Amino acid sequence: MDDRTEQLAKNGAPVIEPGHTFATVTDKISSIVLTRPTSNGWYVGFGIAFLLAMTLLFAVGYLFARGIGIWGVNVPIGWGFAIVNFVWWIGIGHAGTLISAILLLLRQSWRNSINRFAEAMTLFAVACAGIFPLIHVGRPWLAYWLFPYPNSMGVWPQFRSPLIWDVFAVSTYATISLLFWFIGLVPDLATLRDRSTNRVAQMIYGILAMGWRGSARHWHRYETAYLLLAGLATPLVLSVHTVVSFDFAIGIVPGWHTTIFPPYFVAGAIYSGFAMVLMLAIPIRKVYGLEDFITERHLQNSAKVMLATGLIVAYGYVIEAFMGWYSGNRYDAFTLWNRLHGPYKWDYFALLICNIVIPQVLWIRKLRTKPIALFFISGVVLVGMWLERFIIVVVSLHRDFLTSSWGMYYPTRWDWMTYIGTIGLFLAAMFLFVRILPMISIFEMRTLLPEAEVKE
Amino acid sequence: MKPTPLYGMMAEFDTPTDLVAAAERAHHAGYQKIDAYSPFPIEGLAEAIGFQKNRVPLVTLIGGIVGGLTGYLMQYWISASSYPVNVGGKPYHSWPAFIPVTFELTILFAGISAVLGMLALNGLPMPYHPVFNVPRFAFASKDRFFLIVFSSDPQYNSKATRDFLERLNPRSISEVPS
């Protein structure tokens, strides 16, 4: 029994359905881009997403004209939806890097069929995340002041602030994610260049493929570089959400100032990211008939990752509550009491139900293989993780040390339009991506086939 | 019209196993200027054609060191020398606070060096290459495996090399015009 059948026997569903060859894998994935006619469903879906993206443009345009007074932010809640959404989006991005880098280093070859679109998801999620801090600075046309550059004012950023760390962490993350994604695409772009019959497409894919010809020397360096990038992206992805959590943890606001934040933020990021991966993978595999490549195994494994990270998040909540009581600090104790009994108590209970209670059904194997059930559970987790950030940002700020400065947060229609607009931007980018680029890594799928093994 | 000089002789194979075996035999037969093309990375193929020098790790390491030094020294110079600001009584040179940016710039420089270094060492981007003149080479990005002996090889001889490639049982043999 060779490795492959052994693995099969151990894990049930295969990573790739039997019967495929190099040619069928290539044709199946590249035909989605090259020959398959664009369906009406795609136009409708893209149209809706594009309209939502235009809503974002409108909301941001109005914001630039009027200033952030159009939002619900005010003293004491200076960090409203903008920061909630920033943390939510950047967290979603983390699953893409986890799948492409960490699972590569751990030799989890099942990742090969979902890493490409998970990486695309990362890029688009980081793009959506990046919008929020920029428009939140109040004078976004001066946002470049965040970077250290020699200027006539003679001033420099303040490097003891976690907010400036965040600038470096997020911009590094966006750059490395883009490089990783693009380098992974190069051999597949060469395949599209060689397969396509349309002159314009040949030119565009040809330029992007940079003359890739699959030389053994090139592959050797390519694999080294890819592995090194994975090795670099692994600590990077852990650092990004750690630094995001520092934005809170370094502050002294009760509910923010805790040491559990870095690991619990990273776990929460991966939790919501896998939920988004499932919400994208389930319809995509159905619509494009990719059940052979994104098999039950992938759904099962993603569900298991969700379950595990969800439990880490639950542990974070328990420790937060425990420390609120055990520290003996009256402000921390009040934060806990306020979450359970304050004006936002329903958000807190909804959070517990969405993030801890409902996902426990993933223990049931039958449900882990039911795409529809997984789709809805993932949606619940995404809502839950958004609520978590809402509670961290808004509920911590609305009752701080001075009772005279207590207040409530009421998001305006502009807050909602900006938030929903970024979802539109994200989906529109995903729609374009599945239409013009191979959404599954073709060359990595070839390596999974039995015939790819060199026999002695 | 004068016939164009040949760039090399190319043999086509069906499986990665055949390609690795053929590459090993060509290397043992004393051919030095050879290359192999495949639609996915094959373990041991680079070694089979006698490729050893892979400088990507070194380039990445240098990039990382430069990035780390840049990050730390920039923060030190800004915070302690060019624009010292007293923040909550912390020292101007508060090194623990400088670690996150130092770390991020290490990763950033190392990652960019890995990618650009790999491309530069591979001589990419290179939109034109003689091997693309062979029509069957379009399958090198799909399901076929190619071995080429360059005409610059000291042992290259159009008849002897063709005979040698014939003995490897290829699916087809093509001459590559330069």
Quick check, is B:E47 of a type in the set (D, E, K, R), in the same structural domain as B:E12 (by TED's automatic domain parsing), open to solvent by 50 Å² or more (accessible area, probe 1.4 Å) and under 23 Å from B:Q155 (Cβ atoms)?
yes
Working carefully through the options B:S152, B:S178, find the one that is away from chain A (no Cβ under 14 Å) and touching a Ser or Thr at 6+ places or on another chain (Cβ under 9 Å).
B:S178
Of all residues making up the range B:133-148, the number that are facing chain A (nearest Cβ under 7 Å) and either assigned to a helix (DSSP H, G or I) or among the acidic types (D, E) (or both)
4
Might you check whether a residue that is under 22 Å from A:L163 (Cβ atoms) and more than 10 Å from chain A (Cβ to nearest Cβ) occurs anywhere in the range B:10-19?
no
Identify all residues within the range A:323-357 that are open to solvent by 60 Å² or more (accessible area, probe 1.4 Å) and under 30 Å from A:N301 (Cβ atoms); write none if there are none.
A:I353, A:V357
For the range B:84-122, how many residues meet the condition of being more than 7 Å from chain A (Cβ to nearest Cβ), assigned to a helix (DSSP H, G or I) and of a type in the set (F, W, Y)?
2
Out of all the residues in the range B:149-167, which are open to solvent by 30 Å² or more (accessible area, probe 1.4 Å) and part of a helix (DSSP H, G or I)?
B:S158, B:K159, B:A160, B:R162, B:D163, B:E166
Can you spot a residue in the range A:155-172 that is among the charged types (D, E, K, R) and either facing another protein chain (nearest Cβ under 7 Å) or open to solvent by 10 Å² or more (accessible area, probe 1.4 Å) (or both)?
yes
Residue that is most open to solvent (accessible area, probe 1.4 Å) [pool: residues in the range A:36-90 that are of a type in the set (S, T, N, Q) and at pLDDT 90 or above]
A:T55
Based on this model, can you work out whether A:P150 counts as farther than 28 Å from A:I90 by Cβ, out of contact with any Asp or Glu (no Cβ under 7 Å at 6 or more places or on another chain) and at the interface with chain B (Cβ under 10 Å from one of its Cβ atoms)?
yes
Can we say A:V200 is among the β-branched types (V, I, T), part of a loop (DSSP other than H, G, I, E, B) and either at the interface with chain B (Cβ under 8 Å from one of its Cβ atoms) or farther than 30 Å from B:K33 by Cβ (or both)?
no
Somewhere in the range A:233-241, is a residue crowded, with 18+ Cβ neighbours inside 10 Å, on the phi > 0 side of the Ramachandran plot and touching a His at 6+ places or on another chain (Cβ under 9 Å)?
no
Quick one: which of A:S171, A:S196 is of a type outside the set (A, V, I, L, M, F, W, C) and over 30 Å from B:K142 (Cβ atoms)?
A:S171
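The values are calculated or read from the model by the stated rules, or taken from the named source; none is laboratory data. As the structure is a prediction and not an experimental result, all values here were calculated from the model. Using ideal geometry, Cβ is built from the backbone for each residue, glycine included, and neighbour counts are taken over all protein chains shown. Only protein heavy atoms, including side chains, enter the accessible area calculation; ligands, DNA and RNA are left aside. Shrake-Rupley method; radii C 1.70, N 1.55, O 1.52, S 1.80 Å.
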